[in-house]
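Comments concern the structure below.
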Amino acid sequence: MNYKLALNMQERNSNIVFNTILFDFFKVNIVERYAGSMNFNPKLCEVLFKVRTLDDQLIKKKDDNIRVKIKGDDYEIYQRLTQKLNSYEYKNKLINRKEAEEEYVHFILSLVIANYNLN
């Protein structure tokens, strides 16, 4: 499945970071909330995501809610994956960027499949 990844879209002086994964038939909007200064060691507090159609219609989860809060073991995995994508090594191409991105996308896709009915 093809995808396009847009990372770290953020308004100036905001503690909220938006990431988007655009697939062929739908997109996933990910919202990260941080505590502390974004310029010095921000701490990830909460991660939510929603699935939308390509024309921005929200898709409901299996339980009729709209968003998913990532928590527990999934939260720990998400933190590890985003740390890799925000690392010096990733930014300076010292690690395989495509592999790091695919690991992130596959993890999010597994959460989408577990929580949504995509027909």
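The values are calculated or read from the model by the stated rules, or taken from the named source; none is laboratory data. What you see is a predicted model; the values in this text were computed from it and never measured. Positions of Cβ are backbone-derived with ideal geometry, glycine not excepted, and every protein chain shown enters the neighbour counts. All accessible areas refer to the heavy atoms of the entire protein, side chains included, with ligands and DNA or RNA removed. Shrake-Rupley method; radii C 1.70, N 1.55, O 1.52, S 1.80 Å.
Considering only residues that are of a type in the set (Lys, Arg) and out of contact with any Lys or Arg (no Cβ under 7 Å at 6 or more places or on another chain), look in region 1-33 and name the one that is nearest to residue 97 (Cα to Cα).
My answer is 4.
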Hey, among the residues in region 105-119 that are open to solvent by less than 40 Å² (accessible area, probe 1.4 Å) and of a type in the set (Val, Ile, Thr), which one's farthest from residue 71 (Cα to Cα)?
105
Residue 102: assigned to a helix (DSSP H, G or I), of a type in the set (D, E, K, R) and open to solvent by less than 100 Å² (accessible area, probe 1.4 Å), yes or no?
yes
For a quick check of your reading: which strands (runs of 3 or more DSSP E) sit entirely within region 1-88 and have at least 2 residues that are among the β-branched types (Val, Ile, Thr) and open to solvent by less than 80 Å² (accessible area, probe 1.4 Å)?
16-23, 26-35, 43-53
Flagged pairs (Cβ under 9 angstrom, 6 or more apart or on separate chains; first in region 69-83, within 19 Å of residue 99 (Cα to Cα); second of a type in the set (D, E, K, R) and assigned to a helix (DSSP H, G or I)) are 81/103
Filtered residues of region 48-81 (kept if of a type in the set (A, V, I, L, M, F, W, C), touching a Lys or Arg at 6+ places or on another chain (Cβ under 9 Å) and within 18 Å of residue 31 (Cβ to Cβ)):
48, 49, 51, 58, 59, 66, 68
